[in-house]
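The values are calculated or read from the model by the stated rules, or taken from the named source; none is laboratory data. Note that the structure is a prediction, hence the values are computed from the model and not measured. FYI the Cβ positions are ideal-geometry reconstructions off the backbone, even for glycines, and counts take in every protein chain you see.
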Amino acid sequence: MKTKKILWVDDEIELFRSHIILLTERGYEVLTATNGFDALEMLKENEFGLIFLDEMMPGMGGLELLGKIKDFDTNIPVVMVTKNEEESIMNEAIGGKISDYLTKPVNPSQLILVCKKILESKELSSQYAAKDYIQDFNRITTRLNDSLNYEEWIDIYLKLVNWDMELDLHPDIGLRQTFNDQRKECNQEFSKYVEKNYVKWINSSKRDNRPLITTDIVPDYVIPELKNEDANVFFFVLDCLRLDQWMLMESHLSDIFRIKKDYYYSILPTATAYSRNALFAGLFPGDIEKYYPDLWKGSDDDERSMNKYEKDFLQLLLDRKKVKLRNELKYIKIIDPEVGRNFEQNVMSYRNNNLTAVVVNFLDMVAHGRSDSELLKEIAPNEPAYRSLTNSWFTHSSLLNTFKTISKMKNVKVIITTDHGSIRSMRGAKVLGDRETSTNLRFKYGRNLKVEDKHALFIRDAGEYRLPKRGMTVNYIIAKEDYYFVYPTDYHKYLSYYKDTFQHGGISLEEMILPVITMETKD
């Protein structure tokens, strides 16, 4: 907590004696100086949380003293006390050289408000955050006992994400473990909910009986925009984007775009080879394999081999929906910084293109890279740090610069979504399978798979889940909550190796409830 020691510098300090008494009664310690030279000496001997500074003083003036104070310590908040109500003083405050200003005669209530805002805001904010979270904690816990629908689960997840990010701002209030425990409980109930309802959703012909899902995104969000003859649509798919990561990114875009957010549920497995192909094709993986067997091939262990035909799938979807583009579909996959910078430099050349689809793989590479890199684990040891890493990347990325360039184009719509999120996997689940079993950590397919029911959804009939059948005796298992699959061979070695890594493919709020964003330029 900041020291409550205040320095008040004014050549007519006696005029403020009643104000100083008021501050003392409120628990603040106030030292005074009548000139800049004494003030600078006092700065060397004391630690002040706040300085009130008269603008007009003989000898060393207030603005000159302000510069010397900032040279001494740039972080000391300074409130200018002035008779001058000129706009330049307000601009100084807004520009950050001074924290605030008060005009003479000083109003006591404004004085107290400034002190609380500067010296106690963090403490008060933490107190109210703790109080508000406990209230929301109880509400969420109560709601988990109800029979929630898919919209209510979205609402709960939004509350969890907002509190997750709010608690980042208040690390000292001691509620992080409480929150993590509640999120675990929510994922436990959410996994039960998905297990009970998923098959009905994906086999329902009535849209009002199910949530928006992966296969709906292009038909519901992209294609309607293309019906406008002058439409220029950028469709971005940010691989492995979680809602909390998007909220950080959005904060950098809200000044230049009008932003509308909706939410949808990913198909299962929440893995790139399945969810992203389904996204571009507008079809479930089993149907893709059935209708386009030549395009559904490759290895789940090699993402590039399974996602080579995304442009083809998107074009086939447009053809099925009888959408004729006025020029050729453009497709860009940004798999490294050089490709991203090249796209940034050339994005203006796409401004008159009817549809430009862009896949950005950076977040997925970070999620996977953290599993193998001690450096990334050190940089992002937990979810707040993982979010911070996302924010740092985006702030300095070619992607943000690309969006800034697009914001200056006319008649442009930007649609942003993702194929799946990721979850911090903390608990291992022992699984048995033969040598042909796939190696994924959050889902597997193979013969004779065995795993405890509480850890995974067991799929005996792939067709029922609209998944590729891969043979009559092949089953799927999909991890629930924050579990990851480990074989009995070298069990403890791999249990330790993969613990606390970000994974996808399973059933969790973080992987399944995803944003779909529509952005329009403001001008």
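Quick notes on this structure:
- Flag if residue 196 is free of Cβ contacts under 8 Å to residues at least 24 places away in the same chain and either crowded, with 17+ Cβ neighbours inside 10 Å or not small (Gly, Ala, Ser) (or both): yes
- Every residue from segment 328-344 that is over 23 Å from the mean Cα position of the chain (by Cα) and either assigned to a strand (DSSP E or B) or over 14 Å from residue 397 (Cβ atoms) (or both): 328, 329, 330, 331, 332
- Flag if residue 485 is outside the structural domain of residue 359 (by TED's automatic domain parsing) and modelled with pLDDT of 95 or more: yes
- Test: residue 243 is within 18 Å of the chain's Cα centre (by Cα), over 20 Å from residue 507 (Cα atoms) and not aromatic (Phe, Trp, Tyr): no
- Segment 10-29 - residue that is under 44 Å from the mean Cα position of the chain (by Cα) and crowded, with 19+ Cβ neighbours inside 10 Å and, of those, farthest from residue 54 (Cα to Cα): 28
- Output for segment 132-153, where each listed residue is in contact with a Phe, Trp or Tyr (Cβ under 7 Å, 6 or more places away or on another chain) and outside any helix (DSSP H, G or I): 148
- Some residue of segment 109-126 being loosely packed, with under 12 Cβ neighbours inside 10 Å and not polar (S, T, N, Q): no
- Residue 41 meets the conditions (1) under 15 Å from residue 4 (Cβ atoms); (2) free of Cβ contacts under 8 Å to residues at least 60 places away in the same chain in every case but one. The failed one is (1).
- Some residue of segment 205-225 being part of a loop (DSSP other than H, G, I, E, B), over 11 Å from residue 514 (Cα atoms) and free of Cβ contacts under 8 Å to residues at least 24 places away in the same chain: yes
For every residue, the table says whether it meets (1) in contact with a Cys (Cβ under 9 Å, 6 or more places away or on another chain); (2) assigned to a strand (DSSP E or B); (3) at pLDDT 95 or above; (4) among the hydroxyl-bearing types (Ser, Thr, Tyr).
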residue	(1), (2), (3), (4)
259	no, yes, yes, no
263	no, yes, yes, yes
267	no, no, yes, no
275	no, no, yes, yes
289	no, no, no, no
294	no, no, no, no
300	no, no, no, no
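- Some residue of segment 405-412 being under 26 Å from residue 278 (Cβ atoms), in the same structural domain as residue 255 (by TED's automatic domain parsing) and touching a Ser or Thr at 6+ places or on another chain (Cβ under 7 Å): no
- Matching residues in segment 302-331 - criterion: being loosely packed, with under 12 Cβ neighbours inside 10 Å and either at pLDDT below 90 or within 15 Å of residue 467 (Cα to Cα) (or both): 302
- In this structure, residue 243 does satisfy being touching a strand residue (DSSP E or B) at 6+ places or on another chain (Cβ under 6 Å), closer than 30 Å to residue 197 by Cβ and buried (at least 19 other Cβ atoms within 10 Å of the Cβ).
- Residue 461 of a type outside the set (Phe, Trp, Tyr) and modelled with pLDDT of 90 or more: yes
- For segment 397-512, the helices (runs of 4 or more DSSP H) that sit wholly inside it and include 1 or more residues that are surrounded by fewer than 21 Cβ atoms within 10 Å (Cβ to Cβ) are 398-406, 491-498.
- Flag for residue 383 being touching a residue at least 24 places away in the same chain (Cβ under 8 Å), more than 30 Å from residue 407 (Cα to Cα) and assigned by TED's automatic domain parsing to the domain that holds residue 232: yes
- The C-beta contact set for segment 5-31 (first residue charged (D, E, K, R), second residue exposed (fewer than 12 other Cβ atoms within 10 Å of the Cβ), distance under 7 angstrom, 6+ apart or interchain) comprises 5/47; 11/58.
- Among the residues making up segment 334-367, those that are within 19 Å of residue 276 (Cα to Cα) and surrounded by fewer than 19 Cβ atoms within 10 Å (Cβ to Cβ) are 335, 336, 365.
- Residue among 44, 5 that is touching a Phe, Trp or Tyr at 6+ places or on another chain (Cβ under 7 Å), surrounded by fewer than 17 Cβ atoms within 10 Å (Cβ to Cβ) and modelled with pLDDT of 90 or more: 5
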